[in-house]
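The structure appears right after this line, and notes come after that.
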Amino acid sequence: MLKADNLHYVYTSGLIKIVKKTAVCGVDIEFCPGETVAIVGESGCGKSTLAKMLVQQLVPVSGEVFFNGMKLTGMSWKNRRKFMGKIQLIPQNPADVVDPRWTVERSVAEPFVICGVFSKEEISANVDALFAEVGLSVEHKTRYPHELSGGELQRVVIARALALKPELLVCDEATSMLDVSVQAFIVMMLKEIQIKRDLSLVFITHDLEAAKAVSDRVLVMYAGEIVEEGTDVFDRPLHPYTRALLDAARYMSLEVVVPEEIGELPDGFSGCPYYRLCRERTDACKKPQKLRDVSGRLVRCWKSK
Amino acid sequence: MSDVLLKVSDVSVTIPTEQGTVHAVDDATFSINKREVFSLIGESGSGKSILGQAIMRLLPPNAMFSGKVELEGMEISALSEKEMQKVRGKTVASIAQNPYLAMNPGIRVGTQVAEPMQAHLGISKEDAKSRTCRALKYFDIIPPEVREREYPFQYSGGMLQRAMVAMGTAADPELIIADEPTKGVDVLKKRNIAAIFQKVASDGCAFLLITHDVGFARAMSDRIAVNYCGQIIEIAEKEPFFKEPLHPYSQALLGAVPERGMHPIPGPSPSMIEVPEGCRFHPRCPHKTDRCLTNPPVVEINGRFVRCWMYA
Ligand SMILES: Nc1ncnc2c1ncn2[C@@H]1O[C@H](COP(=O)(O)OP(=O)(O)OP(=O)(O)O)[C@@H](O)[C@H]1O
Ligand SMILES: Nc1ncnc2c1ncn2[C@@H]1O[C@H](COP(=O)(O)OP(=O)(O)OP(=O)(O)O)[C@@H](O)[C@H]1O
Ligand code: SF4
Ligand code: SF4
Ligand SMILES: [Mg+2]
Ligand SMILES: [Mg+2]
């Protein structure tokens, strides 16, 4: 359904001294209808950047995105617009989509207005239904974003993303400000829509328990690359980074990695990006690592068997 | 008790809106001891952040406040705004819920993190800068010398969150009000936050930790308070609370964690404008009886407090 090949993204900043920072490098990804995929990984590893490329908010430096066989990258904005309602992102920062000067009702109505085929009455009925769907009520509708609690605003953004009945929904930390009960309510609601309409769901999250509970397939990212992918990653993690992540979650122990001990990778280092922290590293890890198929699991570490 | 750092008595906050008055905080009464980590968990939209803002005196301009907040015996809810500015940042620091709103988008992150140190510790600009770099490095925002000079939009969500934690813990305050400090942060870095909180706490700082992260609250806290629809409905020491939550809402909330299969509490969240009469949880409570339509008392059982008729 949605397929991306070899996506790369590099942020450039600075006016005089130009600094380049690779955020995503060489990600291949494919989502099927009705599937739930969780993307987990270190903070700053490029998950949000990847999500924005998938929904065409950022233009990849190289690589291609296909939607139902149509190539989206490079397509003119006008042609691409037809697909935009079908692929939606719930961004990590609500301010990316809600205008602080608008009531939240207006922000949720905006996709319908842009669409141009709905009457005023239809729009208002649709908006009311969406508010109810995410567990908000009339009392929240007429407020401005800063007049809502963190979790309420997050739900406004979810409502907006659902407006045009997407086929793929990418949720970037979309439930991070909800209590566990409301979070379960939202996830169940999305799952219901998934069953009704074959919606593909992508959850980007740091909540590993939630990821485990909802996903059919898990992608683990590290330093802009996918380092592990499979259906039973949480039961049998293979990559050393995944294992470290799961151990930390299991024991919430207070043994911390002291940053002073972390060496920095030399310039031009092209070996395994986890080399810096890996407990199992050897000299062989200084060579670039490829994603390998280890009995149905993809792992980017030569040691995994 | 001389050990009490923060005392909140009968605090209520209401906010008028077009649709009616929001009863954001109703009759909040609790105290936090020195060095104590006091966690506030509970429903989204139930008034946790507003309570934190009421203590910091950073409420929305149209909000109505009543009640009393005392910090080390000084009634900070009665201070003038000018006097309060000195308290803010130095004695009480806050880590706001939304880093995108709390950070100034036009100022370098390093400058913002260094600001409270310079303002309250009286150290030089160079000192503040090197301390900032050390703090950023501690939170794995590397290389700190480069990152320090970047603007908020160049950070990922979790990085900005960690920069906020660095800023909040920088100036040796006595109380930190941390609103969702771990959201958007991966588990490995969450441990760094946990460790810095414990270090700051062992240096004598107390915490009001507002969080949805039940695991983090469990690992960090001495006591837990649970908020529902504007009211604190249970306060208990951590161990007994997680072993046996007393209030039906607390029980239902802990039953909804992903580990237990993600079962949402049946029924809609209550309106904060037309709050349910009597016990605010009664429309969703499996144990409700007729008397639950009148206000339940706050009952004390072995040092725990619970607002429920079942225990009266
Ligand atoms: N607009 C920008 N300009 C420059 N650098 C950026 C920009 N946005 C993100 N970055 C950098 O790109 C890298 C990846 O960021 P991204 O937001 O994709 O991470 P993430 O995986 O979503 O992290 P988190 O879990 O913390 O949200 C980070 O190093 C970040 O600092
Ligand atoms: N400026 C405002 N004007 C009107 N109502 C407001 C305003 N700010 C907050 N509220 C309302 O007050 C109530 C409490 O909000 P608060 O932000 O304290 O919730 P919270 O418990 O922190 O929730 P969350 O966990 O979702 O952040 C909510 O119902 C919210 O809609
Ligand atoms: S390739 Fe080497 S350094 Fe990288 S994860 Fe595997 S063992 Fe560790
Ligand atoms: S007072 Fe009644 S309705 Fe409220 S929580 Fe207790 S038993 Fe349930
Ligand atoms: Mg992100
Ligand atoms: Mg809040």
For this session: Evaluate region B:35-42: report whether one residue or more is within 14 Å of another protein chain (Cβ to nearest Cβ), hydroxyl-bearing (Ser, Thr, Tyr) and under 18 Å from B:ARG223 (Cα atoms).
Result: yes
Problem set entry | Which listed residue is surrounded by 15 or more Cβ atoms within 10 Å (Cβ to Cβ), out of contact with any Lys or Arg (no Cβ under 8 Å at 6 or more places or on another chain), away from chain A (no Cβ under 14 Å) and of a type outside the set (Val, Ile, Thr), from B:MET310, B:MET262 | B:MET310
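Report the residue count in region B:90-111 for those that are open to solvent by 20 Å² or more (accessible area, probe 1.4 Å) and of a type outside the set (Lys, Arg).
Here is the first cut: in region B:90-111, the ones open to solvent by 20 Å² or more (accessible area, probe 1.4 Å) are B:90-91, B:94, B:96-98, B:100-102, B:104-108, B:111.
If we keep only those that are of a type outside the set (Lys, Arg) too, we end up with B:91, B:94, B:96-98, B:100-102, B:104-107, B:111.
Number of matching residues: 13.
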Seminar exercise, completed: For region A:70-111, the count of residues that are buried (at least 16 other Cβ atoms within 10 Å of the Cβ), farther than 15 Å from A:VAL156 by Cα and more than 22 Å from the chain's Cα centre (by Cα) equals 1
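Yes or no: B:LEU51 modelled with pLDDT under 95, among the aliphatic types (A, V, I, L, M) and more than 16 Å from ligand 1 (Cβ to nearest atom)?
On the way: modelled with pLDDT under 95: no; among the aliphatic types (A, V, I, L, M): yes; more than 16 Å from ligand 1 (Cβ to nearest atom): yes.
It is false that B:LEU51 is modelled with pLDDT under 95, among the aliphatic types (A, V, I, L, M) and more than 16 Å from ligand 1 (Cβ to nearest atom).
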For this session: Would you be able to tell me the number of residues in region B:1-50 that are part of a strand (DSSP E or B), basic (Lys, Arg) and buried (at least 22 other Cβ atoms within 10 Å of the Cβ)?
Result: 0
Exercise. Among the residues of region B:87-132, which ones are without any contact (Cβ under 8 Å) to a residue 40 or more places away in the chain and under 18 Å from B:GLN53 (Cβ atoms)?
Worked result: B:VAL87, B:ARG88, B:ASN98, B:LEU101
Problem set entry | So B:ASN62, is it within 13 Å of ligand 2 (Cβ to nearest atom) and either assigned to a loop (DSSP other than H, G, I, E, B) or surrounded by fewer than 15 Cβ atoms within 10 Å (Cβ to Cβ) (or both) | yes
For this session: Would you mind stating whether B:LYS48 is closer than 23 Å to B:LYS238 by Cα and within 14 Å of chain A (Cβ to nearest Cβ)?
Result: yes
For this session: Report, ordered by the first and then the second residue, all pairs with beta carbons closer than 6 Å, sequence separation of six or more or different chains, a first member in region B:225-248 that is more than 14 Å from chain A (Cβ to nearest Cβ), and a second member that is in a helix (DSSP H, G or I) and within 12 Å of ligand 4 (Cβ to nearest atom).
Result: B:GLU234/B:SER250
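Okay, residues lined up against (1) under 18 Å from A:CYS171 (Cα atoms); (2) away from ligand 3 (no atom under 16 Å from the Cβ); (3) within 14 Å of chain B (Cβ to nearest Cβ); (4) surrounded by 14 or more Cβ atoms within 10 Å (Cβ to Cβ):
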site	(1), (2), (3), (4)
A:ASN6	no, yes, no, no
A:TYR9	no, yes, yes, yes
A:ILE18	no, yes, yes, no
A:ILE29	yes, yes, no, yes
A:GLY46	yes, yes, yes, yes
Exercise. Of all residues in region B:74-118, how many are outside any strand (DSSP E or B) and either more than 21 Å from the chain's Cα centre (by Cα) or hydrophobic (A, V, I, L, M, F, W, C) (or both)?
Worked result: 27
For this session: Name the single residue, out of those in region B:187-204 being over 25 Å from B:LEU101 (Cβ atoms) and among the basic types (Lys, Arg), that is most open to solvent (accessible area, probe 1.4 Å).
Result: B:LYS199
For this session: For region B:130-148, name all the residues that are over 23 Å from A:ILE18 (Cα atoms) and more than 12 Å from chain A (Cβ to nearest Cβ).
Result: B:SER130, B:ARG131, B:THR132
Seminar exercise, completed: Of the residues in region B:165-186, those that are open to solvent by less than 10 Å² (accessible area, probe 1.4 Å) and assigned to a helix (DSSP H, G or I) come to B:VAL165, B:ALA166, B:GLY168
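If we only count helices (runs of 4 or more DSSP H) wholly inside region A:136-206, which ones have 1 or more residues that are of a type in the set (Val, Ile, Thr), away from ligand 6 (no atom under 15 Å from the Cβ) and crowded, with 23+ Cβ neighbours inside 10 Å?
Of the helices (runs of 4 or more DSSP H) lying wholly inside region A:136-206, those with at least 1 residues that are of a type in the set (Val, Ile, Thr), away from ligand 6 (no atom under 15 Å from the Cβ) and crowded, with 23+ Cβ neighbours inside 10 Å span A:150-162, A:180-197.
Working only within region B:153-164, note down all residues that are within 12 Å of chain A (Cβ to nearest Cβ), part of a helix (DSSP H, G or I) and crowded, with 20+ Cβ neighbours inside 10 Å.
Here is the first cut: in region B:153-164, the residues within 12 Å of chain A (Cβ to nearest Cβ) are B:153-163.
Narrowing the set further to residues that are part of a helix (DSSP H, G or I) leaves B:153-154, B:157-163.
If the condition is that a residue be within 12 Å of chain A (Cβ to nearest Cβ), part of a helix (DSSP H, G or I) and crowded, with 20+ Cβ neighbours inside 10 Å, then B:GLY157, B:GLY158, B:MET159, B:LEU160, B:GLN161, B:ARG162, B:ALA163 are the ones that fit.
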Exercise. Which of (1) open to solvent by 30 Å² or more (accessible area, probe 1.4 Å); (2) within 16 Å of ligand 1 (Cβ to nearest atom); (3) modelled with pLDDT of 85 or more does A:ARG276 not meet, given it meets every other one?
Worked result: (3)
For this session: Could you look through region B:241-255, keep only residues that are over 21 Å from the mean Cα position of the chain (by Cα) and farther than 20 Å from B:PRO296 by Cβ, and pick out the one that is most open to solvent (accessible area, probe 1.4 Å)?
Result: B:LYS243
Seminar exercise, completed: Residues of region A:45-102 being out of contact with any Ser or Thr (no Cβ under 9 Å at 6 or more places or on another chain), small (Gly, Ala, Ser) and assigned to a loop (DSSP other than H, G, I, E, B), in sequence order, are A:GLY69, A:GLY74, A:SER76, A:GLY85
Problem set entry | Verdict on A:VAL220 being away from chain B (no Cβ under 13 Å) and away from ligand 6 (no atom under 16 Å from the Cβ) | no
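The values are calculated or read from the model by the stated rules, or taken from the named source; none is laboratory data. Note that this is a predicted model, so its numbers are computed, not measured. Glycine gets a Cβ as well: all are built from the backbone with ideal geometry, and neighbour counts include every protein chain shown. For the accessible areas, the whole protein counts, side chains as well, though only heavy atoms, and no ligand, DNA or RNA atoms are used. Shrake-Rupley method; radii C 1.70, N 1.55, O 1.52, S 1.80 Å.
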